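The values are calculated or read from the model by the stated rules, or taken from the named source; none is laboratory data. Being a predicted model, the structure only gives us computed values, none of them experimental. No Cβ is skipped: glycine too gets one built from the backbone with ideal geometry, and neighbour counts run over all protein chains shown.
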Amino acid sequence: MLIDSHVNLHAPQFAADREAVIGRARSAGVELMVNICDRISNFEAVYALAQDNDDIWATAGTHPHEAKDDPDLTAETLVELARAPKVAAIGETGLDFHYDLSPRATQERVFRVHIEAARRTGLPLVVHSREADERMGDILEEEYARAPFAILMHCYTSGPRLAYRAAALGASFSVSGIATFKTAASVREVIAAMPERRIIVETDCPYLAPAPMRGKRNEPAFLPYVVAELARIRGWGRDETGERTTDAFFNIFNSISSG
């Protein structure tokens, strides 16, 4: 079983052929996908795909890039959205100090609101972190000390120090097509050291197409390339990698039935 834990199928890049993209994913062996909410205003479109497709689930959240558009977001709003039966996680949320498209203080405030919603709902928190390793580690540790919550470090490309700190909190890690990039040796080193029972896979489509599809619009049908690279890095067989990542997925996304 292959599961794409992070897709953006509601994105405008798929407007012309969304159903064909979903069909190709199924033909490639992808049996389940999680459609990620990038901003609260898009939740309806994100969730509609989950409603219309048995093999698609959804999340509720606001990406750090978009935090500026919803600076007064409350945990209550997220908890209310998460009551929808096919919401499987809170996020995508976190810190992005590379682009700084939202003020850092706003990013942090909105991130902490998502953490509180994850606590209240018991759903995993889908975390985005870019060039914010120290602050991310500090916030996760501070908030976890207050009360625990389930953490998924999505599309992990940060350093080994943050990986160690997050792993100590029980975090899971998601591997994307970046692992296949020639320039990503440091990412592969971290993947090789991740907790073996807490690794899942994703495409983050339409972004980050894996080799040999670099330069193309990414889609869930390309997930087998990510799985193959993870298998190579970890020294696992292809079937074993599918089994391991499936088990790890249902461990973190435990509101979704594996049956």
- [ ] Name the residue, out of Ala185, Ala193, Ala179, that is within 27 Å of Glu240 (Cα to Cα), small (Gly, Ala, Ser) and under 18 Å from the mean Cα position of the chain (by Cα).
- [x] Ala179
Open item on the list: Against the condition in contact (Cβ under 8 Å) with a residue 12 or more places away in the chain and surrounded by fewer than 21 Cβ atoms within 10 Å (Cβ to Cβ), how does Ala84 come out, does it pass?
Closed with: yes
Open item on the list: Pairs please, first residue from the range 206-234 and in contact (Cβ under 8 Å) with a residue 24 or more places away in the chain and closer than 18 Å to Asp17 by Cα, second anywhere and basic (Lys, Arg) and part of a helix (DSSP H, G or I), Cβ atoms under 7 Å, 6+ apart in sequence or on different chains.
Closed with: Glu219/Arg24; Ala221/Arg24
- [ ] Evaluate the following for Gly170: is it exposed (fewer than 14 other Cβ atoms within 10 Å of the Cβ) and more than 20 Å from Thr59 (Cα to Cα)?
- [x] no
Open item on the list: Go through the range 110-147 and report how many residues are surrounded by fewer than 17 Cβ atoms within 10 Å (Cβ to Cβ) and acidic (Asp, Glu).
Closed with: 5
- [ ] Identify, from the list Met213, Met136, the residue that is among the hydrophobic types (A, V, I, L, M, F, W, C) and touching a strand residue (DSSP E or B) at 6+ places or on another chain (Cβ under 7 Å).
- [x] Met136
- [ ] Kindly indicate whether Thr203 is under 16 Å from Ala228 (Cβ atoms), touching a Leu at 6+ places or on another chain (Cβ under 6 Å) and in contact (Cβ under 8 Å) with a residue 24 or more places away in the chain.
- [x] yes
- [ ] Kindly check whether there is at least one residue in the range 249-258 that is at pLDDT below 95 and more than 26 Å from Asp17 (Cα to Cα).
- [x] yes
TODO: Being in contact with a helix residue (DSSP H, G or I) (Cβ under 8 Å, 6 or more places away or on another chain) and farther than 29 Å from Asn254 by Cβ is the filter; apply it to the range 182-203 and report the residue that is surrounded by the most Cβ atoms within 10 Å (Cβ to Cβ).
DONE: Ala184
Open item on the list: If I filter the range 218-232 for residues that are within 18 Å of Ala163 (Cβ to Cβ), in a helix (DSSP H, G or I) and basic (Lys, Arg), do I get at least one hit?
Closed with: no
Open item on the list: Taking the conditions exactly as written (surrounded by 15 or more Cβ atoms within 10 Å (Cβ to Cβ) and either more than 19 Å from the chain's Cα centre (by Cα) or farther than 24 Å from Gln13 by Cβ (or both)), does Gln107 satisfy them or not?
Closed with: yes
